[in-house]
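Report on the following structure.
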Amino acid sequence: MHRGKGMKFVGDSRVPATRKPNIPKDYSEFPGKTEAFWPNFLLKEWMVGAVFLIAFLCLTVAHQSPLERVADPTDTAYIPLPDWYFLFLYELLKYRFAAGDYTLVGAIIMPGLAFGALLLAPFLDRGPERRPSKRPIATGLMLLGIASIFFLTWQSVDSHDWEAAAEQGEITEEIDVEIDMEAEGYAVLQDNTCLSCHGNDLQGNPGMAPSLIDNPNYASEDYQKIAKEGIGEMGAGIFKGNDEELKILGDYLVEMNKLAAEEAE
């Protein structure tokens with residue numbers, strides 16, 4: 001009698017002694033409607049995902065994302081626009097019962113219910129049938145969701161002012177001008193707190209005040225009139241100096257603009 005004859009040693013009694021081949025279960029009662037999850041179904045999902053991923057990577061290489069100027073949190077006039085895959089949510093927030101006092105509904109509750117239902121779909125609908133025509137509720141809800149996303153995305157693209165968006169996000173090269181801080185005009189700017197909005201370099205602050213050295217066509221009288229009467233969001237009466245200081249300011253800004261124009265060339 002040979003030692004160990006008829007005995008099989010395993011590390012765990014729950015591990016089968018012989019490895020069975022990967023044979024799917026008997027789905028004869030549901031022919032053509034289902035299959036083994038591993039590896040049949042999962043392999044197909046991976047293959048489709050890989051194709052879309054490679055196509056997307058090729059698209060990003062061929063058409064690089066457009067860049068805008070550096071984000072400025074003080075620029076309250078800038079209207080941000082999300083990427084294309086969030087445009088439908090962006091458009092949703094424009095509707096009456098999803099904006100204003102109902103922003104919480106449009107931003108969290110409605111998308112949460114939609115994506116939550118999609119996440120729970122495999123647990124809520126556990127029927128063996130796979131034909132869309134045999135699952136009218138699930139098919140109808142999915143078609144409604146896809147149609148809503150397409151409509152809201154199209155509406156957002158159609159109603160957006162793309163020219164204004166390109167202009168407000170345009171990258172502009174800053175002009176490096178050596179500001180004469182010893183001049184009388186600079187002292188006038190300081191005395192009238194102009195630098196608090198227009199900056200010590202006179203290049204302005206986005207969302208607060210424009211640059212004072214990007215108007216080469218302005219004459220001294222133009223600057224004097226603006227300082228006295230105001231323009232845009234700048235109201236009248238901010239400048240407290242006398243007429244002599246007003247002229248000094250105008251002449252100084254004309255001189256600085258000439259230097260900026262020469263630097264730009």
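The values are calculated or read from the model by the stated rules, or taken from the named source; none is laboratory data. Bear in mind the structure is a predicted one, so any value in this text is a computation, not a measurement. Virtual Cβ from ideal backbone geometry, glycine too; neighbours counted across all protein chains shown.
What the table below lists for this structure:
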quantity	calculated
Residue that is farthest from ASN192 (Cα to Cα) [pool: residues in region 228-245 that are surrounded by 12 or more Cβ atoms within 10 Å (Cβ to Cβ) and touching a residue at least 24 places away in the same chain (Cβ under 8 Å)]	MET234
All positions within region 195-205 that are surrounded by 15 or more Cβ atoms within 10 Å (Cβ to Cβ) and within 20 Å of LYS258 (Cα to Cα)	LEU195, HIS198, GLY199, ASP201, LEU202, GLN203, GLY204
Checking PRO128 against (1) without any contact (Cβ under 8 Å) to a residue 12 or more places away in the chain; (2) under 30 Å from THR139 (Cβ atoms); (3) surrounded by fewer than 11 Cβ atoms within 10 Å (Cβ to Cβ), the condition it does not meet	(1)
Whichever residue in region 73-88 is out of contact with any helix residue (DSSP H, G or I) (no Cβ under 6 Å at 6 or more places or on another chain) and in a helix (DSSP H, G or I) and, among such residues, is modelled with the lowest pLDDT	TRP84
